[in-house]
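Heads up, the thing below is written out as structure tokens.
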Amino acid sequence: MTAAVIAVVGASGRSGAALCRALAAAGEAYVPVVRDAAKWAALGLGATPRVADLRDAGRLRAALAGARRVVSCAHARWTAAILAAAPAEASLVLMGSTRRFSRWPDAHGEGVRAGEAAFLAGNRPGVMLHPTMIYGAEGEDNVQRLAALLRRLPVAPLPGGGRALVQPIHQDDVTRCLLAALRRPWRRAETLVIAGPEPLPYRAFLAAVARAAGLRPPPVLPVPAGLLRALAPLTRLLPGVPRIRPDEIRRLTEDKAFDIGPMRRTLGIAPIPLAEGLARTFARPQ
Ligand SMILES: NC(=O)c1ccc[n+]([C@@H]2O[C@H](COP(=O)([O-])OP(=O)(O)OC[C@H]3O[C@@H](n4cnc5c(N)ncnc54)[C@H](OP(=O)(O)O)[C@@H]3O)[C@@H](O)[C@H]2O)c1
């Protein structure tokens, strides 16, 4: 790898592939690091990958050899492994998740917290970006799954009437944030929340998704969260209805609103409005 080269871990995932596309478009050299060469090849991005599973410390070290900047779009739980394998002089751009702030602990959130703690303790220059819900990528199961559900439901049963706040970020803005983070010189390990321009109640988000998908926003039926959680497993039995997990219902009861001042100031990124992001999402063939 030449000095300028960026190693992209998780290059065959949604955020990784979008970043690689943007790097290629900007003429920036990168090396995709993937566990499945065939999956990478199917994306048609061309660059020759280095193959390493994050569980294999030796292969990972070999894959990252020579990189001056390492960006990881794999789960933050892999941070300690990446820190151990990355060249000492490499700066790091890592993806975390705002799930780390949730009051409901789960393996995902705990993994992000552990990864963030390892990153801050290592104090290698770089940043861990904590995105909120990401929508708009090919194959994402946030907005697309919601639209599939809205096609089936005459009413929207929501805990607390869907008043808790969400602040989704479009995949294109995630890519812009990753690029900005890669281009910025970091002096120490930092963390940054990246989110959409403003929070809105989930019920308004749902209505915006319905309109963007060409559907009539359904009336909202406030239902106690406990009852909905008990009913959630039934979605497995309904043909054509996307599956909903009980923990997802519980998370719909907590506000997920974030100050994006630091994102704007540090990365210089102004995220696109939800309506524009949804228009981009549904303009693509579904
Ligand atoms: N999507 C969201 O709404 C959202 C919101 C907040 C935070 N995040 C975080 O942002 C990051 C990127 O999200 P995403 O939607 O792009 O996720 P994704 O599509 O699931 O991509 C994850 C990537 O990690 C790779 N990976 C997983 N385990 C691996 C292993 N053992 N060895 C090597 N590679 C491995 C996957 O490889 P394969 O391609 O081979 O599967 C994939 O390329 C994730 O950490 C996610 O937790 C996502």
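Values for this structure:
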| item | result |
| --- | --- |
| Three semi-axes of the equivalent ellipsoid, segment 6-131, Cα gyration tensor, whole Å, largest first | 23, 16, 14 |
| Sites residue 152 and residue 254 - FRET efficiency at Förster radius 30 Å, r taken between beta-carbons, to 0.05 | 0.70 |
| Relative contact order (%) - criterion: Cα under 8 Å, at least six apart; region: segment 70-126 | 45 |
| Average Cα contact separation per residue, segment 6-131, under 8 Å, 6 or more apart, as relative contact order % | 22 |
| Within the chain: Cβ-based charge dipole about Cα centre, in debye rounded to nearest 20 (Lys, Arg +1; Asp, Glu -1) | 180 |
| Residues residue 211 and residue 234, FRET efficiency given R0 of 30 Å [Cβ-Cβ distance, rounded to 0.05] | 0.65 |
| Length released on extending from residue 183 to residue 165, taking residue separation times 0.36 nm less the Cα-Cα span | 3.3 nm |
| Percentage relative contact order, the chain, counting C-alpha pairs under 8 Å, at least six apart | 17 |
| Total charge dipole magnitude, segment 150-275, about the Cα centre, Cβ charges on Lys, Arg, Asp, Glu only, Debye to nearest 20 | 220 |
| Cα lying deepest toward the dipole's positive end in the chain, options 94, 171, 237, charges on Cβ | 237 |
| Extension gain, residue 36 back to residue 264 (0.36 nm per residue minus Cα-Cα distance, nm) | 78.6 nm |
| Pair-distance profile P(r), taking every C-alpha pair of the chain, with 5 angstrom steps and integer % | 1, 6, 12, 16, 18, 16, 13, 10, 6, 3, 1, 0 |
| Cα-centred dipole magnitude for segment 6-131, charges only on beta-carbon of K, R (+1) and D, E (-1), debye, nearest 20 | 80 |
| Beta bridges per DSSP with both ends in the chain, % antiparallel, nearest 5 | 5 |
| Difference of contour (0.36 nm per residue) and Cα-Cα distance, residue 65 to residue 247 | 61.6 nm |
| Debye equation applied to the C-alpha atoms of segment 153-194, log10 I(q)/I(0) at 0.19, 0.25, 0.28, 0.29 Å⁻¹ | -0.73, -0.94, -1.04, -1.07 |
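Bear in mind that the values in this text are calculations on the coordinates, not laboratory data. The structure displayed is predicted, hence computed values, not measured ones. Neighbour counts run over all protein chains shown; Cβ positions are idealised from the backbone, glycine included.
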